[in-house]
1. Evaluate the stretch 125-139: report whether one residue or more is on the phi < 0 side of the Ramachandran plot and in contact with a helix residue (DSSP H, G or I) (Cβ under 6 Å, 6 or more places away or on another chain).
2. Please find, among 184, 226, the residue that is touching a helix residue (DSSP H, G or I) at 6+ places or on another chain (Cβ under 6 Å) and modelled with pLDDT of 85 or more.
3. Taking the stretch 147-166 on its own, how many of its residues are more than 24 Å from residue 97 (Cα to Cα) and surrounded by 24 or more Cβ atoms within 10 Å (Cβ to Cβ)?
4. Helices (runs of 4 or more DSSP H) wholly in the stretch 1-112 with at least 1 residues that are within 21 Å of residue 152 (Cβ to Cβ) - which ones?
5. Go through the stretch 217-250 and count every residue that is over 18 Å from residue 188 (Cβ atoms) and surrounded by fewer than 20 Cβ atoms within 10 Å (Cβ to Cβ).
6. So which residues in the stretch 103-124 are farther than 19 Å from residue 84 by Cα and out of contact with any helix residue (DSSP H, G or I) (no Cβ under 7 Å at 6 or more places or on another chain), if there are any at all?
7. Look at the stretch 171-186 and say how many of its residues are surrounded by fewer than 19 Cβ atoms within 10 Å (Cβ to Cβ) and under 23 Å from residue 82 (Cα atoms).
8. Give the stretch 133-146 a look and list any residue that's in a loop (DSSP other than H, G, I, E, B) and surrounded by fewer than 20 Cβ atoms within 10 Å (Cβ to Cβ), or say none.
């Protein structure tokens, strides 16, 4: 039985999948199996996945009709994975060579939590040119933390004990946006502990046409997350909810600046956030000021300058 099962859901990922698989092959910790789940791709993704599976005895390929990333991950993790720990990797993201080694070392310690995440570098075409990186806070993440801002950022950053994933019942198959946060909140609701490590281990590829570029759908997903948190934590104060939504809207404004959204969309998101809770928006003062200033400046910038200024 392998230590890790790496679950890779794929849909029309011919442009990025080879690089993702190469980052997986570069892992210095080799005790893992690979479950590639093709979710009904219509490009060369399936051909690339087949060629990889034929060349690596650790890999299996699962072929599905299109049903969304939640279903693809669930089938890979609940039906095909055999490892003690599940490591999710999206078909456009990359791992540092020591990603699995660092996770394995922490999980082997006697006080290890049920799930781990790390710092993430954000890039557009070349991870060597990443512009920003996430941070990891002390202690275990709480449902209130996830409502305010998802420090995990992407499913490519999560590694979880298979037993804990089974207890959480996996992802909600009906969700295509916000499914990661919704699942993380249910995971924590079962009593699982989610801990961060300080290492920069994951590289997230920003995309103008990916799921994370649909800002309205992301906000709808946040509202569903709020409903779930309220059920788990019925004493959540209204002021904390307002602050959390302002932080989420600030994040969406930053996303709007990075992708090719309508010129005033970032400014509208900043205005909405400030109406909800100025305290929440400026909870990280530097980030709040820079986001507001960038949203004001963006509509006046030529497209070429805008792309250079705000690209990851």
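The values are calculated or read from the model by the stated rules, or taken from the named source; none is laboratory data. Note that this is a predicted model, so its numbers are computed, not measured. Because the Cβ atoms are built from the backbone with ideal geometry, glycine has one as well, and the counts that use them run over all protein chains shown.
1. Within the stretch 125-139, none of the residues are on the phi < 0 side of the Ramachandran plot and in contact with a helix residue (DSSP H, G or I) (Cβ under 6 Å, 6 or more places away or on another chain).
2. None of the others qualify; the one that does is 184.
3. 2
4. Output list reads 17-25, 69-74, 99-107.
5. Matching residues across the stretch 217-250 total 9.
6. Residues satisfying the conditions are 119, 122, 124.
7. 2
8. Answer for the stretch 133-146, where residues must be in a loop (DSSP other than H, G, I, E, B) and surrounded by fewer than 20 Cβ atoms within 10 Å (Cβ to Cβ): 135, 136, 137, 138, 139, 142.
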